[in-house]
Amino acid sequence: MNQFKKLAVVMPNMAAGGSERVVLNLLKEILKKDLKIEIDLVLGAVEGSWINKIPSEVRVIDLKTPIGPTFKKISRVTFPLCGYLRKEKPDLVLSNYWYYNVFVVLAVALSRINTYLVIVEHGSFSVIKNKGTIPWLIPLLMRCLYPQANSIVTVSKGLAQELEDDLKLKPGLITTIYNPIIEERLSQISKESVTHPWFQDGEIPVILGVGRLCNVKDFPTLIRAFALVRKKLPARLVILGDGEDKPRLMDLVRELGLEDNVALLGFVEDPYSYMARSSVFVLSSIVEGLGNVLIEAMALGTPLVSTNCPSGPAEILDNGKYGELVPVGDNKAMADGILRVLSGDIKSVDSGWLKQFTVEAATQNYLNILGINKYD
């Protein structure tokens, strides 16, 4: 019999991001299993474009501490969270989001309640170390506090190794669970029509990139690679996403004379119909925690080209068996990989390989870590 009555899932907010989508998928799948457990989604602030996607069966707790860019603003969550923990006494706490996790571990310790704490790392530690106004303090706090958690989950094996090396954690403390990405909804949405004329039947091949327009996604390398591809084969490039780098990317497109063949279409909540109609999907990142978009495109049968960045792409593509892996920042190698795909050198994906990225498999792995069992 299930001994646990309440699970608290902690997030800063419900902005439209990869870790937020993972949490939503987990919540929905846990609810489907009818485990007779109450679920609280504890948010630093009830904000973000995905608030309306939270299942109605989940109780939303607002700590009224919006996340900010500084260490001080993020640390403000500690005492409101302590108050929630002391009052509600959840049996299980599942915390997400890089150094937000530090203050969740601290809040659990200060509240002095008996709870089982699992913290999840979605992003590369190399990014974490350079974030915030006091970057040197976060690794120190992580090194001191993370061993206090009952379990640490990372979304890729490379990220697990990175954390073990940088934080000097004991081997075995970290478990890798791939994100719950592949679900029935993904296939359903992929069949929806795309109105953009480049995706209509009979058009020349479209190369697709998806992600926030920021430094770590390195879209300049993709644009420069596309310029090289255009010298060999007719093609178009579409990038879906918004971010601070958009003006710089538009300038580069103009500089290379690609205005008629590159489209930056902004953020698309569910880009699956675009993926399914693209001739090749390219991930150009400098660093990833896993690379959810690669899994989505792979599940839809779209050929893949990805940088071999830390961490995730090599694991997803089985070291190049299921897609082209190219060096980070190398636009010529990326162009060569794209040209191989467009010329018909396509690597098919074993359906059995995809199962590890399904919502069902990932959720069961999380339930195992949390010790939640279905009632008889």
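The values are calculated or read from the model by the stated rules, or taken from the named source; none is laboratory data. As the structure is a prediction and not an experimental result, all values here were calculated from the model. So basically every Cβ, Gly included, is an ideal-geometry build from the backbone, and we count neighbours across all protein chains shown.
Couple of notes before you dig in:
- Residue within region 285-293 that is under 15 Å from G158 (Cβ atoms), in contact with a Ser or Thr (Cβ under 8 Å, 6 or more places away or on another chain) and polar (S, T, N, Q) present: yes
Conditions tested, residue by residue: (1) hydroxyl-bearing (S, T, Y); (2) surrounded by fewer than 22 Cβ atoms within 10 Å (Cβ to Cβ); (3) at pLDDT below 95.
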| residue | (1), (2), (3) |
| --- | --- |
| V77 | no, no, yes |
| Y97 | yes, no, yes |
| K129 | no, yes, yes |
| I138 | no, yes, yes |
| L141 | no, yes, yes |
| P147 | no, yes, yes |
| N150 | no, yes, yes |
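- Close pairs (6 angstrom Cβ cut-off, 6 or more residues apart or separate chains): farther than 13 Å from F267 by Cβ in region 204-220, charged (D, E, K, R) anywhere: V206/R236
- Residue in region 299-313 that is modelled with pLDDT under 95 and surrounded by fewer than 24 Cβ atoms within 10 Å (Cβ to Cβ) present: yes
- Tabulated pairs, region 106-126, first in the same structural domain as E20 (by TED's automatic domain parsing) and in contact (Cβ under 8 Å) with a residue 60 or more places away in the chain, second surrounded by 17 or more Cβ atoms within 10 Å (Cβ to Cβ) and in a helix (DSSP H, G or I), C-beta under 6 angstrom, 6+ apart or interchain: V118/I369; H122/S19
- A search for C-beta distances below 8 Å between a residue of region 138-152 that is outside the structural domain of E164 (by TED's automatic domain parsing) and over 18 Å from Y116 (Cα atoms) and any residue that is crowded, with 19+ Cβ neighbours inside 10 Å and modelled with pLDDT under 85, counting only pairs 6+ apart in sequence or on different chains, returns nothing.
- Helices (runs of 4 or more DSSP H) within region 253-342 that include 1 or more residues charged (D, E, K, R): 292-299, 313-316, 331-342
- Residue match in region 316-333 (condition: under 21 Å from the mean Cα position of the chain (by Cα), crowded, with 17+ Cβ neighbours inside 10 Å and closer than 22 Å to E20 by Cα): yes
- Residue tally, condition touching a residue at least 60 places away in the same chain (Cβ under 8 Å) and closer than 22 Å to Y97 by Cβ, over region 292-318: 8
- Of all residues in region 21-44 being more than 20 Å from the chain's Cα centre (by Cα) and closer than 22 Å to Y100 by Cβ, the one that is surrounded by the fewest Cβ atoms within 10 Å (Cβ to Cβ): D40
- Restricting attention to region 199-224, the residues being out of contact with any Phe, Trp or Tyr (no Cβ under 7 Å at 6 or more places or on another chain), surrounded by 22 or more Cβ atoms within 10 Å (Cβ to Cβ), among the aliphatic types (A, V, I, L, M) and under 21 Å from E296 (Cβ atoms) number 2.
- Cβ-Cβ contacts under 6 Å between residues 6 or more apart (or on different chains), taken from a first residue in region 30-46 that is at positive phi to a second residue that is part of a loop (DSSP other than H, G, I, E, B) and modelled with pLDDT under 95, are listed as K36/Y375.
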